[in-house]
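A short worksheet on the structure shown next.
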Amino acid sequence: MEENSNYCSLCGEPQQNEVQEDGTYIRSGRIYKKEKLLTDYQRLTGFQKRKIFWAISGFILISGMVFTLFINLIGKQEITWSQYPASVCLILFVNITLNTFLRKNPVLMLLLSFLSVFALFVLFGIIKGDAILVVKLGVPLILAFYATFILLVFFIRNSRQKGLNVIAYSLLASGFASVSIEGMISVFALNAVHLRWSVIVLISVLFIALLLLYIHYRLKKVTDLKRFFHI
């Protein structure tokens, strides 16, 4: 360190008047600073953090529902277009609630989440006046989405090393989900499978995913995502 420097440019520790042989003071100083920087929120448990997020998101979503319905009622003198965003906000709040309080029971959480999203399509069908028609398209789409999501979680959890392979699996899941969505919509509307934009999406993510998987398993070591993206 230079004579006029007050702090070390590498570790950030202040210059000492007395030279110490060991790093006891530096280590104790780092622990003190780390504990001092911890906020009250950082000291909370995972469930307490999720509960705070649940309360804040609930307030925002319910407020959005009330204001949307109120604005629609004042402008049109009846509830029309606001039924759609209000229904979406309600189902979002239900799923956030399930994730908050049923996280330790993933099977029940996924089942209730599926039923809630199914209820959303039923609500859209009732609003549109043809619930059966909407459900015929909605149920296959929901099943495809949840099947893709469950497979994605399965592959991520069973990976010994979690790094760039997580991004690769997510990209592949989005590609297959796109193909499923376009295929089901085309069958529903045209009674035939017509794949166009989803094939482009799948091919695009496939090359990127294969590259990420090659880098991840070629290195044969964990690539920390926070350090990789400088977070």
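Here, each number is a calculation from the coordinates, and none is a lab measurement. On a predicted model such as this, the values are computed, not experimentally measured, just so you know. Note that each Cβ is placed from the backbone with ideal geometry, even for glycine, and that neighbours are counted across all protein chains shown.
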For this session: Could you calculate the contour length gain from I156 to L115, that is, 0.36 nm times the residue separation minus the distance between their Cα atoms, to one decimal place in nm?
Result: 12.3 nm
Seminar exercise, completed: Whole-Å distance linking the alpha carbon centroid of region 139-196 with that of region 103-125 is 18 Å
Problem set entry | Pairs from K76/K136; K76/K128; K51/K162 whose Cα-Cα separation, in the structure shown, is over 20 Å | K76/K136; K51/K162
Exercise. In whole Hz, what ³J(HN,Hα) sequence does region 90-103 give by Karplus (6.51, -1.76, 1.60; θ = phi - 60°), x for Gly and Pro?
Worked result: 5, 5, 4, 5, 4, 5, 5, 5, 4, 5, 7, 9, 10, 5
Exercise. Once the Cβ-Cβ distance between F53 and Y84 is put in as r, and R0 is 25 Å, what FRET efficiency do you end up with, to the nearest 0.05?
Worked result: 0.50
For this session: Take the Cα pairs of region 133-231, get the Kirkwood Rh, then feed it into Stokes-Einstein at 10 °C and 1.306 mPa s and tell me D in µm²/s.
Result: 106 µm²/s
Seminar exercise, completed: Against the 2.2 N^0.38 Å rule of thumb, the C-alpha Rg of region 45-129 sits at a ratio of 1.25
